[in-house]
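Contents: one structure, followed by commentary.
The values are calculated or read from the model by the stated rules, or taken from the named source; none is laboratory data. Small disclaimer: the values here were computed from a predicted structure and weren't measured. Here Cβ is always computed from backbone atoms with ideal geometry, including for glycine, and neighbour counts include all displayed protein chains. What goes into the accessible areas is simple: the full protein's heavy atoms, side chains included, and nothing from ligands, DNA or RNA. Shrake-Rupley method; radii C 1.70, N 1.55, O 1.52, S 1.80 Å.
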Amino acid sequence: MDFTFDDEQKALRDAVRDLAGRHTPASSGGDVPVGPGKHDAAAWSAIADMGLLGLAFGEDVGGAGASAVELSLAATELGRGRLVTAYADAMVAAELINRAGTAEQKAAFLPDLLDGSSLIVPALAEPGRAWSLAAYDVTAEGEGDSVVLTGTKEPVPYADVATHLVVTARAGDRTGVYLVADPQVSGARVHFDATPAIQLGSLDDAPAAIEAAVNLGILAVVSEALGAMDAALPMTVEYLKTRKQFGVPLAAFQTLTQRAADMYVSLELARSTVLFTAMALADDPLDSAAASRAKVQVGQSGRHIGQEAIQLHGGIGMTAEYAVGHYTARLTAIEHTFGDTRWHLARLSASLRDYEQVEVLRPA
Amino acid sequence: MDFTFDDEQKALRDAVRDLAGRHTPASSGGDVPVGPGKHDAAAWSAIADMGLLGLAFGEDVGGAGASAVELSLAATELGRGRLVTAYADAMVAAELINRAGTAEQKAAFLPDLLDGSSLIVPALAEPGRAWSLAAYDVTAEGEGDSVVLTGTKEPVPYADVATHLVVTARAGDRTGVYLVADPQVSGARVHFDATPAIQLGSLDDAPAAIEAAVNLGILAVVSEALGAMDAALPMTVEYLKTRKQFGVPLAAFQTLTQRAADMYVSLELARSTVLFTAMALADDPLDSAAASRAKVQVGQSGRHIGQEAIQLHGGIGMTAEYAVGHYTARLTAIEHTFGDTRWHLARLSASLRDYEQVEVLRPA
Amino acid sequence: MHLHLTAEDAAFQQQMREFFTTQVPQDLRQRWAAGGEPSADDMRQAQRILNEAGLAVPHWPVEWGGKEWSQLQRHIYLQEMQDASVPPPLAFNANMVGPVIAAFGSQELKERFLPPTANLDIWWCQGFSEPNAGSDLASLRTSAVLEGDEWVVNGQKTWTTLGQHADWIFALVRTEPDAPKKQMGISFLLIDMKSPGVTVRPIQLIDGGHEVNEVFFENVRVPADQLVGERGQGWTYAKFLLGNERVGVAPVGSIKRRLADAKSYAAATRDGNGSLLDQPLVAARIAELESQVAALELTVLRVAGNSKEGKPDPVSSILKLRGSQLQQDVLELIADIAGPASLEWKRGDDSETEAWAALATPTYLNFRKASIYGGSNEVQRSVIASAILGLKG
Amino acid sequence: MHLHLTAEDAAFQQQMREFFTTQVPQDLRQRWAAGGEPSADDMRQAQRILNEAGLAVPHWPVEWGGKEWSQLQRHIYLQEMQDASVPPPLAFNANMVGPVIAAFGSQELKERFLPPTANLDIWWCQGFSEPNAGSDLASLRTSAVLEGDEWVVNGQKTWTTLGQHADWIFALVRTEPDAPKKQMGISFLLIDMKSPGVTVRPIQLIDGGHEVNEVFFENVRVPADQLVGERGQGWTYAKFLLGNERVGVAPVGSIKRRLADAKSYAAATRDGNGSLLDQPLVAARIAELESQVAALELTVLRVAGNSKEGKPDPVSSILKLRGSQLQQDVLELIADIAGPASLEWKRGDDSETEAWAALATPTYLNFRKASIYGGSNEVQRSVIASAILGLKG
């Protein structure tokens, strides 16, 4: 059990931090974009060129042959830099293809995805429905190469810039995974009307593939959240040191500094959890309990730090000119991505009887 | 809608406050009792003599013909004075007899209970079982005057000083209410072994009687909790003002004073809720939603104030010589009496669909 | 101690309910209920309907349109208005500048300004905060120098809510720069926003909205008779105004409205073969918030009677503090119920995402202001600690 | 970044687990697991078994019984000890006075005291806090005046944990009353509790337990060679000691043990036809605590390597702060699971209430101390704010 980065990992972290710094969206001067942003194509090219899309995938399918640890490390820096890209989404799509697809399907789609030639994102959410790993309202008919999909997926982040979608759909009473090229997209809505699709692998393999892929997506977003929190806290601390009120710096108000200390605790708990989860998923992509616990801890730390970062900034923290609000907005979105804290607590609740204690020290 | 006490209510409050002050247990000097105390017989006589047992009951059954409002007001003062008596328990027993009993049964048992000649407490809890309004493990066989009970109730607070018990027991697949004289008591455990009992009223009436009686018990304990919180906060504030550390009063530490302010908010929210609940139950003893909301609000306020009162006192707050710890112990016991916050949230959850909003402004 | 409304108050409640739900157009109320950026036209229309019925400024002096309602009636009025999703009378007019002019203004100022203020013919905004004078208002630097019968104003105000719609601004300006204490030497000035030298610059917020602004004054000339009350007494009037601001400071009616909405959203959000309302953790959270909001409403009702005109009971700090917390908690719940649908802030034309779900996150983010503006929760705690508990802090 | 234990560490873990579960008698461990007031005999027996195996003071210098373990091994040792419910070596001996004597004492003092300290032949207690010197330790007033080759000690100490069992006390005393700063002029003195003039008075706590005491000194004569290190340097030694105290400051192993117990209690508590563990709110609370405790344990593992001997990383304040919170949360959960059964603290002979349920509330109340003693959570936050974040506070 070792939490230290080796030299290669440090070099990767530094390189991604540089990249992210160069592409960080402006937050001052006139209208700056707020809310869910447009995919940053320039940043995406840089990400693809640096090989960050392939970090967690084997060289046999066009990946870099590193691991989920390196993916997490890169995603943390992208989060720190507030980059708006489909990184986590593409990782889910890639893992869906990687785990559900046949050898031919992997060869056909993965290398292009991992080198950035294509942009594939998952279509999971259905309008009017709570988060679920299963599909209900989009249905698949037929098998093999003659499958058609019917129904609506929404929202599908980055659908507007995707070349393909990986879609979960109901097949009888099960959920399968399907690939659609050139989808019919309107904003974040994708409608299928007997739309031709390719079934990825078998229905038997689909549930595990979805679980592993979403776990990897969770790792990407909690890592991104770690980067966001790791940036929001120092900004807040700096503001407390420099901003004066009633003639003294805000740091003279003990109630504020004690709360900053609590934010630090939340941050460090999240950091340990994210790093561990990266290692755990690198070891076992189906360690869904680790993924759920990460989502819970980061959900709670992220809400705490995001809300307090704004509150401690005061009115200024509400403005688009201060990055702290953008971080909070992103942390809020991450909470609602791939299942919220409640969903993950409910999932963990279902298996409490299977073990006595959570073991984090594991013999090889 | 009016929250002000009339002159009679004020006079009652003052009289009970005096009474409670005279019987407040010592908390300094040598060994003082901690934890669930022995029933204070002297205080009990004084309570009975003042007519406080009969406040919520009609004159026809030997009561004072006041209402749940006056009961709440008295219980608040008993809580402020930290009196250890079976007040809430006796109120539950009285309401069980009052609501489940036949006219003869009421006449036989209520006047004695309400004037203090007898001490009747309810036996509800069963060992190894979570809180429940229904009985499971104590069973009743037979009907009318030839009923026998079998099984164990535990803990039964004040069983050791009770002249009679009102017992819930399983009759087939329903729960009935039974009266047992001279029970076989060992500590807080009561064992029935084909023990003769009198069935109070019919099985049909039992569920509503239990619900109303527990509602009244909830009112008594949340009122007591209000008195405890209302005493613990000023003690804590006084301590902050007088205790010095690093050469200045604790009140100079903003993080402590801001937390005292939050305690005040918790206290006032609880106060409003308790007063309202008294009025609501006086109006409708079966307003279980009001009782549950009171248990939730007072549960949260009580835990908050109890824990912070100790923390703000520091080490001193942990000692039996400071009353603040006794209040916290009692608030903790109240949380676990008549269903905890979780139990009441679960009960409220079951009926969320029955109304759009909680209406507290009610036309006559 | 009485549980029930008197027959009179119950009738009043019915009357208010009927008025708000029948006299204010439903489409207007639906737009307001939907949230998002408020429409100035809708706000004007609503206030004029209310004013015509004598319901826009019930707490003003009777001669200027007030009613002599009890605090309970005032609560019922607000509660029913919020429950019916009627835009409330603009606070800057009804709760801030109006009462100040009515209490301290000359007869001439009253006649000139109060009727159009009540009818929202003048849209007022507030010029108090400055970039370096937020919670510490007494540090303000905007200056007004008397030249002949005109004040010449220079400086900058900020956090000017809805200033983009405003016709006039009421501003605190420093008229006596050499006053011995910084609270002294401040005056309360009424300024036409169309005056040359006034510039409004929007501040963009993290939800994308433009509801606050910076207002710049560059040699703005203001007729001397637009100074309210006495020169140098602006601090006194501001405290009076901020006291009024706290009345009805916990928007209980709208919190309840939103919580009822949350419940219906949860029931409408499908989850497996049921709905989110079947999820025990969601249901318990709603039940808990209902209990907590009820406690707040009861506290509002209990302490409302304590407020003294112009000198708010410090207990009102409870209402502001707890009200903002619960408002934020309910909006957080709604965003969580929206779940994945909350990721899309702007719906396309044929979107199947519900409007409330798309608005959930920006609304949640927008209302982080509730614990900052109008006296932050830290300030409210300090008021409670010092004024109620006697702790200096 | 490596997930798995090395083969060596895994073997070490097995070795510890086997030792604790086979070499420490099960009945002793069961009594410890049951909680309640600790038995001095059990603590002595356990420490002597550990010491005989060289496991009582692994962090001491090797020549006095230490092991050169890695921080991870130290964590595994603690974790396995706590998981097996083995009473840990007495902190006053193993973590406090022992390391101080080893670092600053004369060779003579080391030889005289370290072996019996490791073996709990001497039971030490701590004489630091005074009635008016708690968090503000430098204000202490207990005095020691040199008369010939003896110190004459007068004064009072308080919060002396388990002082009723103690043979000796290590005390901070003021030897230089005229020192320019109050931190100066303090010395570190070893005092035999059987000395004439030493009186111990128990302080009763709200859980009914007698675990802390007041200790009075009235003209107590102490041989001069029982002053550790240099006269007037007591403050330096105390800081060193308090630094050591924070090592292993989050009792993760015992929190996990208790949480696992809580889960089994919930599963064993009947609720209708199922158990409390079937209640979604109970299950979610357990799942949440498991996640939070895992985050704490991972943080312990991550930052353990950062600690520098004698100068604790301020990050250890996280562990103390969060450790005490989670410890308290788990005990609160257990009291809630006990529910009505928690109302009975003392069971009669034929009681059917489980022992854990009867102990739940006193234990919950007792551990409110966790956020007060050993540097309150407010102090920990101040350390984080100032030493890590650079905020003065």
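Overview of results
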read-out: Estimated dipole of chain B in Debye, rounded to 20 [Cβ of Lys and Arg +1, of Asp and Glu -1, Cα centre]; value: 1560
read-out: Inter-label distance, nm, simple model (7 Å from Cα along the C-beta direction), D:V145/D:V379; value: 3.0
read-out: Candidate aspartates and glutamates - alpha carbon under 15 Å from D:K320, same-chain residues fewer than 8 apart omitted; value: A:D262, A:E268, D:E245, D:E297, D:D329, D:E378
read-out: C:R221-C:Q183 FRET efficiency (beta carbon distance; Förster radius 25 Å; 0.05 resolution); value: 0.45
read-out: Given 16 as the ceiling on other Cβ atoms within 10 Å, longest exposed-site-free region of chain A for chymotrypsin sites (Phe, Trp or Tyr not before Pro) in DSSP loops; value: A:6-245
read-out: Loop-resident sites, the stretch C:149-242, for GluC sites (Glu not before Pro), counting at most 15 other Cβ within 10 Å (DSSP); value: C:E230
read-out: Pseudo-label separations to other copies for B:K38 - Cα-to-Cβ vector, 7 Å, nm; value: 8.2
read-out: Three-way shape call for the stretch A:121-204 based on the alpha-carbon gyration tensor, with the a/c threshold at 1.5; value: oblate
read-out: Helix-only CD estimate at 222 nm, as mean residue ellipticity for chain A, using -39500 (n - 2.57) per DSSP H run (n ≥ 4); value: -17000 deg cm²/dmol
read-out: Whole-number percent relative contact order across chain C, with pairs defined as alpha carbons under 8 Å at least 6 apart; value: 13
read-out: FRET efficiency, B:E238 to A:K38 (Cβ-Cβ, R0 51 Å, nearest 0.05); value: 0.30
read-out: Under 14 Å, Cβ to Cβ, from B:S186 - net charge with Lys/Arg +1 and Asp/Glu -1; value: -4
read-out: Cα centroid separation, the stretch A:307-324 to the stretch D:221-271 (Å); value: 39
read-out: Length-normalised contact order for the stretch D:248-389 - Cα pairs under 8 Å, 6+ apart - percent; value: 27
read-out: Burial of 50 Å² or greater, the stretch A:174-192 residues [accessible area, probe 1.4 Å, versus chain by itself]; value: A:R189
read-out: For B:D204, label point 7 Å along C-beta direction: distances to other copies, nm; value: 6.1
read-out: Positive-end residue, the protein assembly as shown charge dipole about Cα centroid, Cβ charges, pick of D:F113, A:G339, D:A7; value: D:F113
read-out: Sum of side-chain charges, D:S254 neighbourhood, beta-carbon under 13 Å (Lys, Arg +1; Asp, Glu -1); value: 0
read-out: Hits among lysines - C-alpha to C-alpha of D:K110 under 18 Å, sequence gap 8 or more where chains match; value: D:K67
read-out: For the stretch A:1-143, size of Cβ-based charge dipole, Lys and Arg +1, Asp and Glu -1, in debye; value: 540
read-out: Carbon and sulfur %, accessible surface of the stretch A:149-236 computed with the full protein complex present, 1.4 Å; value: 51
read-out: Of all chain C residues, the one whose C-beta is nearest the axis that brings C onto D, in angstrom; value: C:P280, 2
read-out: Exam field: C:Q14 pseudo-label spacings to other copies (7 Å along Cα-Cβ), nanometres; value: 8.3
read-out: Accessible area of chain A divided out per residue, in Å², using a probe of 1.4 angstrom; value: 33
read-out: Estimated inter-spin distance, A:V148 and B:A350, nm [label 7 Å along Cα→Cβ]; value: 4.9
read-out: Carbon + sulfur, % of accessible area of the stretch D:248-389 - ligands and nucleic acids excluded, 1.4 Å; value: 49
read-out: Accessible area buried between chains C and A, both sides summed, probe 1.4 Å, in Å² to nearest 100; value: 4200
read-out: Calculated FRET efficiency for the pair B:T4/C:E176, C-beta based, R₀ 51 Å, to 0.05; value: 0.65
read-out: For the protein assembly as shown, size of Cβ-based charge dipole, Lys and Arg +1, Asp and Glu -1, in debye; value: 3880
read-out: Overall form of the protein assembly as shown per C-alpha gyration tensor (a/c, 1.5; a/b vs b/c); value: rounded
read-out: Share of carbon and sulfur in the accessible heavy-atom surface of the stretch A:1-144 [1.4 Å probe, %]; value: 47
read-out: Amide proton proximity set for B:V167, modelled H, under 5 Å, gap of 5+; value: B:A123, B:Y178, B:L179, B:V180
read-out: Reachable lysines from A:K241, criterion Cα separation under 25 angstrom, eight or more residues apart if same chain; value: C:K157, C:K182, C:K369, C:K392, D:K392
read-out: Between the stretch B:208-244 and the stretch A:182-242, the Cα center-to-center distance that results, in Å; value: 48
read-out: Proximal charge balance of C:N219 [Cβ under 12 Å; K/R count +1, D/E count -1]; value: -2
read-out: Residues listed by number, the stretch A:70-109, amide nitrogen under 19 Å from A:S45 label point at 7 Å toward C-beta; value: A:83-87
